[in-house]
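Encoded as structure tokens, the structure appears first; notes follow it.
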Amino acid sequence: MPSAHETAYPRLKSSPSPNELSAVYTPTREEVALADRVARGEVARLGFLVLLKAFQRLGYFLQVRDVPPVIIEHIAHTQGFLVVPGLGDYDESGTRRRHVAVIRA
């Protein structure tokens, strides 16, 4: 029987392996360059990358607050954050709506 993340409605694993984090959730240079162009500020850039990588994995958008912390931490650390900034306001922001439009395009 397939696990929940392999069904028609995939979900993110709550504890992906280090190899999966590296292979699936590490932003490419092109993705980081796109984030630099569309995001104003470091927190918005992190929010964009988390939203992008989750969308690539799932095929649909979800709230950043629903992304497992280990995935957010991995993406933050690849971007040079020593401490992961809070993204609590990102989900309700106009910034997120703009980012969704960019990712869809």
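Mind listing whichever residues of segment 34-43 are farther than 14 Å from residue 81 by Cβ, within 15 Å of the chain's Cα centre (by Cα) and either exposed (fewer than 10 other Cβ atoms within 10 Å of the Cβ) or without any contact (Cβ under 8 Å) to a residue 60 or more places away in the chain (or both)?
The one that is farther than 14 Å from residue 81 by Cβ, within 15 Å of the chain's Cα centre (by Cα) and either exposed (fewer than 10 other Cβ atoms within 10 Å of the Cβ) or without any contact (Cβ under 8 Å) to a residue 60 or more places away in the chain (or both): 36.
Okay, residues lined up against (1) among the hydroxyl-bearing types (Ser, Thr, Tyr); (2) in a helix (DSSP H, G or I); (3) in contact (Cβ under 8 Å) with a residue 12 or more places away in the chain:
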{"position": "50", "(1), (2), (3)": "no, yes, yes"}
{"position": "54", "(1), (2), (3)": "no, yes, yes"}
{"position": "70", "(1), (2), (3)": "no, yes, yes"}
{"position": "73", "(1), (2), (3)": "no, yes, no"}
{"position": "80", "(1), (2), (3)": "no, no, no"}
{"position": "84", "(1), (2), (3)": "no, no, yes"}
{"position": "88", "(1), (2), (3)": "no, no, yes"}
{"position": "91", "(1), (2), (3)": "no, yes, yes"}
{"position": "96", "(1), (2), (3)": "no, yes, yes"}
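Can you tell me which residue among 2, 16, 27 is modelled with pLDDT under 95 and crowded, with 16+ Cβ neighbours inside 10 Å?
That would be 16, the only listed residue that is modelled with pLDDT under 95 and crowded, with 16+ Cβ neighbours inside 10 Å.
The values are calculated or read from the model by the stated rules, or taken from the named source; none is laboratory data. Just so it is clear, the structure is predicted and the values come from calculations on it, not from any experiment. For neighbour counting, all protein chains shown are included, and Cβ atoms are generated from backbone atoms with ideal geometry for every residue, glycine included.
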